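Since the structure comes first, as C-alpha cells, the remarks are kept for the end.
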Amino acid sequence: MNRPSRHNLAAGLRRRLKGACRIAVVGIGDELSPFDRFGMVAAKEIKKMDLPGIKVFLAGTMPESITGPIRTLHPDHVILLDAAEIGARPGTIEIIKPGTISAGLFSTHALPLSVVMEYMEKNADTKVTLLGIQPDTSRPDKGLSPAGEDYFQTNLKSLLGILRDICSGITP
C-alpha cells in the first residue's frame, strides 16, 4: 500500500489551513497508554513552540470536554491529534478524512470523534481536520519500537515545521 509522504501531509495541511489566523490544536488520548498517547505528545510539543495564532488544548480521553472553550476561541480551524489505526508504518502522521473515521477505533473516547468533529463544525462554525498517528499495533502494551519512535519524531518535527511556516505570517 502506498502511504502519503510528508510532502502530501504538508500540502494537505497548507490547503486546509489557508487563510486561518486562529487555529485550535487538540491533543487527544490517554497519556498513560503507550498505544494511545501520541495525540497528547504531539499537542504538548506544539504547545512548547508558543506559535502566534495557535491555542493548544489537552483534551485527554474526552475531546468533547473542550468544545466550550473552542467555541469561545472562535478558531478558523481546529486540528485534532489522536492515535489511529490507519494501516501505515508506526509513527506515521496523516490526515484522516471524516468519512473514514470508525466509531469504534479506540474505546478510550466517551463520544466518537466523528460526532465531536461534526458538533464543532456546526456549533463553533469552524473547519476541523483530524490528524491520525499510527501506533504500533503489534506492541499495544509497549508503545513504538525504537525505529517507530524515531519515525514518529521525524514526522512530528515535520508537522511542527509546517505549523511554524503557516503561522509565520500571523501577528500575535
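Just so it is clear, none of the values below were taken in a lab; they were calculated from the coordinates. Predicted model, so just to flag it, every value in this text is computed and none were measured. Every residue, glycine as well, gets a Cβ built from its backbone with ideal geometry; the counts of neighbours run over all protein chains shown.
I'd like the antiparallel share, as a percent to the nearest 5, of DSSP beta bridges with both residues in region 6-167. Before the final figure, lay out each step's value.
On the way: 4 of 22 bridges.
Once the DSSP bridges in region 6-167 are tallied, antiparallel ones form about 20 percent.
Please list, ordered by chain and number, the residues whose modelled amide H lies under 5 Å from the amide H of ALA84; skip anything fewer than 5 residues away on the same chain.
The list, which skips near neighbours in sequence, is ILE133, GLN134.
Which of the following values of P(r) over Cα pairs in 10 Å bins from 0, in percent was calculated from the structure shown: (i) 10, 37, 38, 14, 1; (ii) 9, 31, 27, 11, 7, 7, 5, 3, 1, 0; (iii) 10, 42, 38, 9, 0?
Structure-derived value, by its label: (iii).
Between MET117, MET49, MET62, which gets the highest mean-square fluctuation from a Gaussian network model of the chain, Cα cutoff 10 Å?
MET49
Straight-line reach from LYS142: which lysines have Cα under 25 Å away, leaving out those fewer than 8 places along the same chain?
The qualifying lysines are LYS44, LYS157.
Going by how many other Cβ atoms sit within 10 Å of their own, how do PHE57, PHE152 line up, fewest first?
Placing the least packed residue first, the sequence is PHE57, PHE152.
At what distance in nm do the modelled label points of SER138 and ARG22 sit from each other, each positioned 7 Å from its Cα along Cα→Cβ?
Placing both labels 7 Å beyond Cα along the Cβ direction yields 4.6 nm.
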